[in-house]
Each structure stands twice: as C-alpha cells, then as structure tokens.
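Q: Got a structure for you, written out below as structure tokens; questions coming shortly.
Just so you know, all these numbers are worked out from the coordinates, no wet-lab data involved. Note that the structure is a prediction, hence the values are computed from the model and not measured. Don't worry about glycine lacking a Cβ; one is built from the backbone with ideal geometry, like all the others, and counts go over all protein chains shown.
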C-alpha cells in the first residue's frame, strides 16, 4: 500500500466533523469500516472510559475481552497521548 497523503487523512477527518447524528455516524462508519474494526474501536473507547474511572486492568480484561497489552496501549495514550481521549471524556462528562 502506498503512503496515505496528509490531505486525504485531513479530508477523512473533515467528513467526520460533518456528521450530524449518531445515525449518520453509524451509516458512514459502517460503509468505511468492517464490523470487526468498528467493534475494536468501540472496545478501545470503552476501555478508555473505564480506565478514566479507575477500573483495574483485570476487570477491564474480563468485561471487554481485550488483552492486557491492548489495555496498556489505551492507558498509555490516555495518559501520554495527544489529549484526544481526555478531551472527549471531559466533553462527554465522563471525567471532570
């Protein structure tokens, strides 16, 4: 696969910003991604929310079925990423 151009990535983000409802998002992402990819993204988002609430890895593993490695990766990005997880958690009032 050829490297993806930054403009194409920005165009994708721009399209996402224009989604106006959960239903529109559901339709767009279902066409864009496989069901497996959607499920993986949903479980990572759920994991970020659980980590922000202080839920231990062992409980997250049990409830989500994710590996401790994936949970650790989400935790790393939650704590030392670009701030995207924290921004959305705050915006959605999942954390103060």
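Q: What do you get for the angle between helix 68-80 and the principal long axis of the chain? Use alpha-carbon atoms, 0 to 90 degrees, nearest ten.
A: The answer is roughly 70 degrees.
Q: Grab the beta carbon distance between residue 29 and residue 57, set R0 = 22 Å, and tell me the FRET efficiency rounded to 0.05.
A: 0.20
Q: What is the helix-to-structure angle for 22-32, meaning the angle in degrees between its Cα long axis and the longest Cα principal axis of the chain, kept from 0 to 90 and rounded to the nearest 10?
A: Helix 22-32 and the main axis of the chain meet at about 70 degrees.
Q: Another question, then. Determine the gain in length on full extension of the stretch residue 95-residue 2; use 0.36 nm per residue of separation and subtract their C-alpha separation, reporting nm with one decimal.
A: Length gained between residue 95 and residue 2: 29.6 nm.
Q: Using a simple spin-label model with points 7 Å from Cα along the Cα→Cβ vector, what separation in nm is obtained for residue 11 and residue 69?
A: Modelled inter-label distance: 3.4 nm.
Q: In degrees, nearest 10, range 0 to 90: what is the angle between the Cα axis of helix 6-17 and the longest Cα principal axis of the chain?
A: The angle comes out at about 70 degrees.
Q: Taking R0 as 22 Å, what FRET efficiency do you get between residue 76 and residue 39 from their Cβ-Cβ distance, rounded to the nearest 0.05?
A: E(calc), rounded to 0.05, equals 0.55.
Q: Of (1) 15, 37, 26, 12, 6, 3, 0; (2) 18, 54, 27, 0; (3) 14, 37, 39, 11, 0, which one was derived for P(r) over Cα pairs in 10 Å bins from 0, in percent from the structure shown?
A: (3)
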